[in-house]
1. Say each of C78 and E33 gets a label point 7 Å from the Cα, pointing the same way as Cα to Cβ; how far apart are those two points in nm?
2. In nm, what is the difference between 0.36 nm times the number of residues separating L57 and V22 and their Cα-Cα distance?
3. What is the count of Lys pairs in the chain whose alpha carbons sit under 23 Å apart, if the two are 8 or more places apart or on different chains?
Amino acid sequence: MRKKETGHSYSGAQIEFYGNTVVTVDGCKEILEYEPETVKLNVGRYNVRFTGKDLTLKNLTDKQITVEGCFYNLEFEC
């Protein structure tokens, strides 16, 4: 069976969840809000908001951020 080529080229943020306790965001441009229950990030064309409990920022680099805690919700804001 041949591998199907989609021809899609993706740009923007890449968001990876590890269960509901760790998320890594590649392509983070700015931290807009940071509270123990809410983290809001600018990832270019949109913002992403994580809500949960005991949220903390880890492994901050130039374009990547890891958020740890117990996540309840994920929202995209255009």
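Bear in mind that the values in this text are calculations on the coordinates, not laboratory data. On a predicted model such as this, the values are computed, not experimentally measured, just so you know. Reconstructed Cβ throughout: ideal geometry from the backbone, glycine too, with neighbour counts over all protein chains shown.
1. 2.0 nm
2. Numbers: separation 35, 0.36 × 35 = 12.60 nm, distance 1.01 nm.
Roughly 11.6 nm would be gained on extension.
3. Values: K29/K40; K29/K58; K29/K63; K40/K53; K40/K58; K40/K63.
Lysine pairs satisfying the spacing and distance rule in the chain number 6.
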